[in-house]
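Undergrad: Next up is a structure, given as structure tokens.
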Amino acid sequence: MTGYIIAVCSSCGGYLLAKNSQKTRTCPYCGSKVVLGKAKKVAFAETANEASLLLRKLKEKAAKSEGLSFKGDFKKSH
């Protein structure tokens, strides 16, 4: 079974979802290449569904702490 990580982009602070086996990931918010071995990891999950739920909760928490309302996809630009 493949595990998943949620990491933070060092360029813009956006959250990234990736499989444990991935070495790099392109940030969906700013386009930077993120080396996952060096990136700050904020959560781990065993399944894709669990990882997706964790990612959504992290985004909602970040939006609330910045006074933004969250509905659907993360759209805040960094």
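The values are calculated or read from the model by the stated rules, or taken from the named source; none is laboratory data. The model shown is predicted, which means the values in this text are computed figures rather than measured ones. Every residue, glycine among them, receives a Cβ derived from its backbone with ideal geometry; neighbour counts consider all protein chains shown.
Undergrad: Which one is nearest to ALA63 (Cα to Cα) among residues in the range 11-48 that are exposed (fewer than 14 other Cβ atoms within 10 Å of the Cβ), in contact (Cβ under 8 Å) with a residue 24 or more places away in the chain and among the hydrophobic types (A, V, I, L, M, F, W, C)?
TA: Checking each candidate, the answer is PHE44.
Undergrad: Confirm whether VAL34 is more than 10 Å from the chain's Cα centre (by Cα), at negative phi and either in a strand (DSSP E or B) or at pLDDT 95 or above (or both).
TA: yes
Undergrad: Where the second residue is among the small types (Gly, Ala, Ser) and the first is modelled with pLDDT of 90 or more and lies in the range 49-65, which pairs have Cβ atoms under 7 Å and are six or more apart or on separate chains?
TA: ALA51/ALA45; LEU54/ALA43; LEU54/ALA45; LEU58/ALA43
Undergrad: To continue, here is another question. For the range 12-29, state whether one or more residues are on the phi < 0 side of the Ramachandran plot and part of a helix (DSSP H, G or I).
TA: No: the range 12-29 contains no residue that is on the phi < 0 side of the Ramachandran plot and part of a helix (DSSP H, G or I).
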